[in-house]
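Let me begin by presenting the structure, written as structure tokens, before commenting on it.
The values are calculated or read from the model by the stated rules, or taken from the named source; none is laboratory data. Just so you know, these numbers come straight off a predicted model, no measurement behind them. Methodologically, a virtual Cβ is constructed for each residue, glycine included, from the backbone with ideal geometry; neighbour enumeration extends over all protein chains shown. These area figures cover heavy atoms from the full protein model, side chains too; ligands, DNA and RNA do not enter into them. Shrake-Rupley method; radii C 1.70, N 1.55, O 1.52, S 1.80 Å.
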Amino acid sequence: MKPEVGTVLALTAQKIASGFGEHGAAFAQGTIGLLATVLAVSAKEYERGADIRVSENNEMRALFEVLAETVTDPALRQELRDAGATRDASLRISALNENNYALRRLLTRLQIYAEEHGVNDVQRRIWAVLKAMAQRRLVQLGP
Amino acid sequence: MSELATRLATYLRAKLGAPDLTVANLARIPGGASRETYRFRARYVADGKALDRGLILRRDPPSSLIETERTTEYRAYEAFHRLGLPVPQPIALELGGEALERPFFIMAEVENCTTGGIMSPDPYGQHRESVGRQFFTVLGKIAAAEPKEIGLGDFNGAKDVRATAMHEVARWERVISEDEREPQPIVHAALRWLKRNPPPPAQKMCVVHGDYRTGNFLVDDAGKIRAILDWEMSHLGDPLEDLGWAIDPLWAGADPARPGGMIPRADAIRIWEEASGLKADPKALHWWEIFASLKGAAIWISAALEYADGRNIDPINAFSGWYCLSFHNKVLADRLAAEIGA
């Protein structure tokens, strides 16, 4: 998720340190309110960030393992098999992101393949995963 | 701030021919990531009469979220103010950096009004029905206006009713391509769907506001819409583009059945049709609604990049990259999955 939590915390600190009182009370109040919201979301993302990425990565791998056998393109089929067999070796966000991005790119290639070949069942299974990913990443405000 | 006030006063003395003009109460208004917005009082004597005018300064920031033409925004204000729609009176436009370091324009302040926040559970309270009727009526009137007749026939955008949809898709695909820093499978699936399923040609060419939504207009205490703001993304295009954007779920707040937190969807569309004299074909509107969420995603991707690169660390950009993008990804995923029965 861009920007990453670390970036947001660093830039929030920079924003606070630079001050914003020179623009008047209303601007300062509005900015403080937004900073508070961003910090509250940061806290949630800090807690769930690794879990989201591990879950997404595993869901995409499981999908690739199953769907590889339905793909007639031999190169894509092998890539799906290989990606399905990978694992997350580190729980650092940066490492999880690296794997996540590679898996997402492959998911898009698989989806394009399914669209071009009119394989609706494959498309439905991909969309089920994409819907779950979108739901999981949805940022909830409030407690 | 005092230096800005001094330079502003110097500029306005010359511009308005008021050597005694003073600038007071200059204060920045929060929000508006694409322009710095300030309110101030200009006090001077004109024709022997002492004036105390509330004015708004919109200045280009060092870095802009979406590259927009301040000339475009200013001309839209001029045209629709002249037409009698609720739009602030434009006062001055400067494209150079001599006066205030960066390009800017000045318009009249519409006082004693508020904007409805998209996070507010009920942004217009007891006036929501009335505000909703006005909101979609004004949008219909914008769609009904003939661009050439109001002096905006040369605006940016598509040149032909058959090209409006793909012109906009190409525009926002460029933004996504330039600013995407992590793979966005849902966004790219949306782009492909939009290209595979083009809508019918536009019923007419119109001026599209480009960001017509809750939060971009001013309402007074009596529930009267006094000003439509933020015309910076205005362009020529399909009238349904603005309608699709205005009814996008992101602006609906707590009640998705009421676009913009105002009136039921069917009422909104009917009122727009009556005011515009156009039809909101359900299939075409469906396409423009999916486009609206795609366009939103493109804007939030751009905001996230501006922020992460340190070019504009306004926290609204971090919020947009997180909350708004995740919201539109969810909307797109649900809608596109439904297309294939998933």
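Tabulated values for the structure
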item: Residues of region B:70-102 that turn out to be among the aromatic types (F, W, Y) and in contact with a Pro (Cβ under 8 Å, 6 or more places away or on another chain), as a count; result: 2
item: Of residues in region A:1-35 being open to solvent by 50 Å² or more (accessible area, probe 1.4 Å), aliphatic (A, V, I, L, M) and at the interface with chain B (Cβ under 9 Å from one of its Cβ atoms), the one farthest from B:N329 (Cα to Cα); result: A:A25
item: Yes/no for B:A308 being open to solvent by 40 Å² or more (accessible area, probe 1.4 Å), of a type in the set (G, A, S) and out of contact with any helix residue (DSSP H, G or I) (no Cβ under 7 Å at 6 or more places or on another chain); result: no
item: Qualifying residues in region B:315-326 (those that are surrounded by fewer than 24 Cβ atoms within 10 Å (Cβ to Cβ) and more than 7 Å from chain A (Cβ to nearest Cβ)) - the one farthest from A:L39 (Cα to Cα); result: B:C324
item: Any helices (runs of 4 or more DSSP H) falling wholly within region B:279-342 and containing at least 2 residues that are modelled with pLDDT under 95; result: B:282-308, B:315-319
item: Residue among B:E274, B:E289 that alone is open to solvent by less than 20 Å² (accessible area, probe 1.4 Å), more than 25 Å from A:L39 (Cα to Cα) and more than 8 Å from chain A (Cβ to nearest Cβ); result: B:E289
item: Matching residues in region B:90-144 - criterion: being on the phi > 0 side of the Ramachandran plot and of a type outside the set (D, E); result: B:N112, B:G125
item: Enumeration of residues in region A:36-53 that are more than 14 Å from A:E4 (Cβ to Cβ) and either open to solvent by less than 50 Å² (accessible area, probe 1.4 Å) or touching a helix residue (DSSP H, G or I) at 6+ places or on another chain (Cβ under 8 Å) (or both); result: A:T37, A:L39
item: Matching option when the condition is closer than 27 Å to B:M205 by Cα and either touching a Gly at 6+ places or on another chain (Cβ under 9 Å) or open to solvent by less than 40 Å² (accessible area, probe 1.4 Å) (or both), among B:A99, B:A144; result: B:A144
item: Failed criterion for B:K330 (all others in (1) more than 9 Å from chain A (Cβ to nearest Cβ); (2) under 28 Å from A:G33 (Cα atoms); (3) over 19 Å from the mean Cα position of the chain (by Cα); (4) not acidic (D, E) hold); result: (1)
item: Residue identified as open to solvent by less than 30 Å² (accessible area, probe 1.4 Å), within 22 Å of B:S120 (Cα to Cα) and without any contact (Cβ under 8 Å) to a residue 40 or more places away in the chain among B:A252, B:A227, B:A257; result: B:A252
item: Helices (runs of 4 or more DSSP H) contained entirely in region A:55-143, each with at least 2 residues that are touching a residue at least 40 places away in the same chain (Cβ under 8 Å) and open to solvent by 30 Å² or more (accessible area, probe 1.4 Å); result: A:93-116, A:120-137
item: Residues within region B:10-27 that are without any contact (Cβ under 8 Å) to a residue 24 or more places away in the chain and crowded, with 20+ Cβ neighbours inside 10 Å, tallied; result: 2
item: Test: residue in region B:72-94 that is within 15 Å of the chain's Cα centre (by Cα) and among the basic types (K, R); result: yes
item: A:G49 within 13 Å of another protein chain (Cβ to nearest Cβ) and out of contact with any His (no Cβ under 8 Å at 6 or more places or on another chain); result: yes
item: In region B:115-139, residue surrounded by the fewest Cβ atoms within 10 Å (Cβ to Cβ) [restricted to those that are aliphatic (A, V, I, L, M), closer than 23 Å to B:G84 by Cβ and touching a helix residue (DSSP H, G or I) at 6+ places or on another chain (Cβ under 8 Å)]; result: B:V138
item: Selected residue [more than 12 Å from chain B (Cβ to nearest Cβ) and under 23 Å from A:R137 (Cβ atoms)] from A:T108, A:T86; result: A:T86
